[in-house]
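The values are calculated or read from the model by the stated rules, or taken from the named source; none is laboratory data. Just so we're clear, the structure is a prediction, and the values are computed from it rather than from any experiment. Virtual Cβ from ideal backbone geometry, glycine too; neighbours counted across all protein chains shown. Each accessible area value is taken on the protein alone, full model and side chains, heavy atoms only, with ligands, DNA and RNA left out. Shrake-Rupley method; radii C 1.70, N 1.55, O 1.52, S 1.80 Å.
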Amino acid sequence: MGSLEEERLLLEDGVSEHEDSKGPYTGDRSVDINGKPVLRNKTGNWRACPFILGTECCERLAYYGIATNLVTYLTNILHEGNVSAARNVTTWSGTCYLAPLLGAVLADAYWGRYWTIAVFSTIYFLGMGTLTLSASVPALKPPSCVGSVCPEASAAQYGVFFLGLYLIALGTGGIKPCVSSFGADQFDDTDPKERVKKGSFFNWFYFSINIGALISSSFLVWIQDNAGWGLGFGIPTLFMGLAIGSFFSGTPLYRFQKPGGSPLTRMCQVVVASFRKLNVDVPHDSSLLYELPDKTSAIEGSRKLEHSDELKFLDKAATVSDLDVKTANFSDPWKLCTVTQVEELKILVRMFPIWATGIVFSAVYAQMSTMFVEQGMVLDTKLGSFTIPPASLSTFDVISVILWVPIYDRILVPIARKFTGKERGFSELQRMGVGLFISILSMTAAALVEIKRLEIAKAHDLIHIDTAVPMSIFWQIPQYFLIGAAEVFTFIGQLEFFYDQSPDAMRSLCSALSLLTTALGNYLSSLILTIVTSVTTKGGKPGWIPDNLNEGHLDYFFWLLAALSFLNLLVYVSCAARYKSKMAS
């Protein structure tokens, strides 16, 4: 959350408190739903955010109401094996974070963030309804197990279930890359007071996500395991309807940014123009590179970007050649681009190494809904007469996030500010690095729990019996708590980093790229599972992750992820040390 101290520091940096007195309208070119300029004192700011935060809270409740316990549904209702179920969950989850690329391009180039959210929310709701039907209608799911005989689901039953599941994945594609950026758009960058408030929005945004996740991982998981999956999926469907209602309710208060055209086209134009001028020399004086003379950028909805000295080859695209002067043709971006357009591509290239290091972290995070749950299923889930659903342990991840957000904001930031002199205590890069380190500790904790569990299984002669061991599931709490702490540092750091560092007209795309790390992390987890299973089951061996985990070595899998996370941290530190921030005029 923002603070008076942050506002004071901002004003001391030379920004006049009365800089926003130039007129009644916003200074960032935002408009209302009809495309007209908006009054700053009647739109946007925190008055518009409750509707957006309510949308995100309900949508995340719906999403986690499906995702948190999905592996249990696949194993217990559709009768899949442990590896197959975990692979299906991570593949679907990965798709949920890959689809935002489509939504981001549509939002930035054509529809704008508001209409993209509106259209894809409807698709999302249809997917939730289909999934609820598949779990409610007896003909759409296989019969229950009789003893050890569990009938396989038919192709039609699989088809209906996965149709609903992947309609949800498509729906997330238009919501996830746009909601956080649309919320941040409600704060005017040209107003110093609103600029400070924008910094606190991301904390509240992530807080809203975890309120929804808390309800899902506790109440909804219990409903699914004890009252039935039809009701367990029906409640999230209802909340998705509430999310849509909340979003549309705030329409008169919203500020809208006009789409700036296809960012992919602009990047291609820079590459093509650079190769066309392969033999043209870039001037030593960067002021000779092509740019519009006034304050207006050639890109709709974007401030101008200052020239940087990196990736000089791309500067050829903004170099005015003799042929350009002769023909007086400065309007074809496939031949001549502005400095701002070139810098857009440079920014994305500079971001790439930082972006790539988020993939391994996301693979670690994916274990919370897969291997952590399967590990919990072979621990003692009894608390007196009450049975604890293994997936509900993710509640401690959410509680960790809810605790760590105020601790970070109110305690760690003021302490760090004294040492670093930075307005927010840590830079986004420092914040993400701390999270990557904590993720290593989480995998270490999970491995130690599994070592102890296997020792107990051996002591009670349960190695060859597919049953839970007499060890409390609450031993998993530290690994969930550490994952939550890592989230607060890494995921919120990513939200801030990719919004602040992205070009103005590419914010949805850059948000989608940050989400893409989660998709690739899930796919990486699936790939690691496939390789580990293939290698460790040779010669008829049960492997590290058999259906009977008492015969396996899940601890080896967790140690493998811890080692990969450590190597990833080393790469990240090297990349972060060389990163140069964008400069907007």
### Task
Kindly establish whether THR357 is farther than 28 Å from SER574 by Cα and open to solvent by less than 30 Å² (accessible area, probe 1.4 Å).
no
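Report yes if SER148 is among the polar types (S, T, N, Q), open to solvent by 50 Å² or more (accessible area, probe 1.4 Å) and touching a residue at least 40 places away in the same chain (Cβ under 8 Å), otherwise no.
No.
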By residue number, the members of the stretch 422-434 that are assigned to a helix (DSSP H, G or I) and basic (Lys, Arg) are ARG431
Next item on the list: Would you check if there is a residue in the stretch 265-276 being in a helix (DSSP H, G or I) and of a type in the set (Ser, Thr, Tyr)?
Entry: yes
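Looking only at the stretch 270-283, which residues are among the polar types (S, T, N, Q) and closer than 14 Å to LYS346 by Cβ?
Let us first name the residues in the stretch 270-283 that are among the polar types (S, T, N, Q), namely 274, 279.
Selection gives SER274 alone.
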The residue that is farthest from ILE354 (Cα to Cα), considering only those in the stretch 440-478 that are among the polar types (S, T, N, Q) and part of a helix (DSSP H, G or I), is GLN476
So is VAL179 out of contact with any Gly (no Cβ under 8 Å at 6 or more places or on another chain), closer than 24 Å to ASN34 by Cα and crowded, with 24+ Cβ neighbours inside 10 Å or not? yes
Scanning the stretch 469-517 for residues that are open to solvent by 40 Å² or more (accessible area, probe 1.4 Å), of a type outside the set (Val, Ile, Thr) and at pLDDT 85 or above gives PRO470, SER472, PHE474, TRP475, PRO478, PHE481, LEU482
How many residues of the stretch 134-145 are surrounded by 10 or more Cβ atoms within 10 Å (Cβ to Cβ) and not in a loop (DSSP other than H, G, I, E, B)? The answer is 4
Among PHE419, PHE437, the single one that is open to solvent by 70 Å² or more (accessible area, probe 1.4 Å), of a type in the set (Phe, Trp, Tyr), modelled with pLDDT under 90 and assigned to a helix (DSSP H, G or I) is PHE419
| said: Looking at the stretch 52-63, can you tell me whether even one residue there is open to solvent by 10 Å² or more (accessible area, probe 1.4 Å) and at pLDDT below 85? | reply: no
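Could you please give the count of residues in the stretch 542-561 that are among the hydrophobic types (A, V, I, L, M, F, W, C) and surrounded by fewer than 20 Cβ atoms within 10 Å (Cβ to Cβ)?
So the answer is 2.
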| Do the conditions hold for GLY301, that is, is it in contact with an Asp or Glu (Cβ under 7 Å, 6 or more places away or on another chain) and either open to solvent by 50 Å² or more (accessible area, probe 1.4 Å) or at pLDDT below 90 (or both)? | yes
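Within the stretch 381-394, count every residue that is hydroxyl-bearing (Ser, Thr, Tyr) and buried (at least 21 other Cβ atoms within 10 Å of the Cβ).
Count: 2.
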Within the stretch 107-145, of all residues that are of a type in the set (A, V, I, L, M) and modelled with pLDDT of 90 or more, the one farthest from the chain's Cα centre (by Cα) is LEU133
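Among the listed residues TYR158, TYR124, TYR97, TYR114, identify the single one that is open to solvent by 40 Å² or more (accessible area, probe 1.4 Å), touching a residue at least 12 places away in the same chain (Cβ under 8 Å) and either under 24 Å from LEU529 (Cβ atoms) or of a type in the set (Phe, Trp, Tyr) (or both).
Result: TYR158 is the single residue among TYR158, TYR124, TYR97, TYR114 that is open to solvent by 40 Å² or more (accessible area, probe 1.4 Å), touching a residue at least 12 places away in the same chain (Cβ under 8 Å) and either under 24 Å from LEU529 (Cβ atoms) or of a type in the set (Phe, Trp, Tyr) (or both).
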Please determine whether any residue of the stretch 229-243 is assigned to a helix (DSSP H, G or I), farther than 21 Å from TYR97 by Cα, free of Cβ contacts under 8 Å to residues at least 60 places away in the same chain and in contact with a helix residue (DSSP H, G or I) (Cβ under 9 Å, 6 or more places away or on another chain).
yes
Practice task
Tell me, yes or no, whether the stretch 47-56 has at least one residue that is free of Cβ contacts under 8 Å to residues at least 60 places away in the same chain, in contact with a helix residue (DSSP H, G or I) (Cβ under 8 Å, 6 or more places away or on another chain) and farther than 19 Å from LEU238 by Cα.
Solution key: no
Among helices (runs of 4 or more DSSP H) entirely inside the stretch 306-384, those with 2 or more residues being at pLDDT 90 or above, under 34 Å from the mean Cα position of the chain (by Cα) and hydroxyl-bearing (Ser, Thr, Tyr) are 358-366
